[in-house]
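What follows is a short report on a single structure.
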Amino acid sequence: MPRNERITVPLWRIAHARAGDKGDVLNVGVFARQPRFFSVLVEQVTEERIAALFAHRRPRAVRRHLLPKIEALNLVLEGVLEGGVNRALGLDAHGKTLSCLVLSLPVEVPADLLGQTSAERTPTA
């Protein structure tokens, strides 16, 4: 591989996510699978990219909080849950399912970082 080559992969290859909802607010924790991936999260999982990813849900606000001691980000999206679980008409519009959308975000990762572990392999059915 050429030095400094970058590979585009879905975020789930380098991170886990855990989400929850409260009313109309989605809260997603994104955790680097390995400490070496945290810099990719900081660089590429930005408020702007998450707002664009959720544009179809018209978020009122997107805030990102860095949690460097645990190599994680906290994303807070307001107004994306159709008013909350008791008001929403869609069955899958809530936090747990929407964290999968976050994990689909394409990120560019230095190839040498991906080659260091087998933990990021594509799962098989």
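The values are calculated or read from the model by the stated rules, or taken from the named source; none is laboratory data. Note that the coordinates shown come from a computational prediction; the quantities given were computed from them, not determined experimentally. Glycine gets a Cβ as well: all are built from the backbone with ideal geometry, and neighbour counts include every protein chain shown.
Here is a list: K69, K96. Which entry is in a helix (DSSP H, G or I), closer than 20 Å to G29 by Cβ and modelled with pLDDT of 90 or more? Explain how you work it out, then say what you get.
On the way: K96 fails: modelled with pLDDT of 90 or more.
That would be K69, the only listed residue that is in a helix (DSSP H, G or I), closer than 20 Å to G29 by Cβ and modelled with pLDDT of 90 or more.
Within region 32-52, the set of residues being surrounded by fewer than 19 Cβ atoms within 10 Å (Cβ to Cβ) and not acidic (D, E) comprises R33, Q34, P35, R36, S39, V42, Q44, T46, R49, A51, A52.
For region 13-31, the set of residues classified as within 13 Å of the chain's Cα centre (by Cα), hydrophobic (A, V, I, L, M, F, W, C) and surrounded by fewer than 20 Cβ atoms within 10 Å (Cβ to Cβ) consists of F31 only. In a residue-by-residue description of region 37-52, the property of being in a strand (DSSP E or B), out of contact with any His (no Cβ under 8 Å at 6 or more places or on another chain), in contact (Cβ under 8 Å) with a residue 40 or more places away in the chain and not β-branched (V, I, T) applies to no position.
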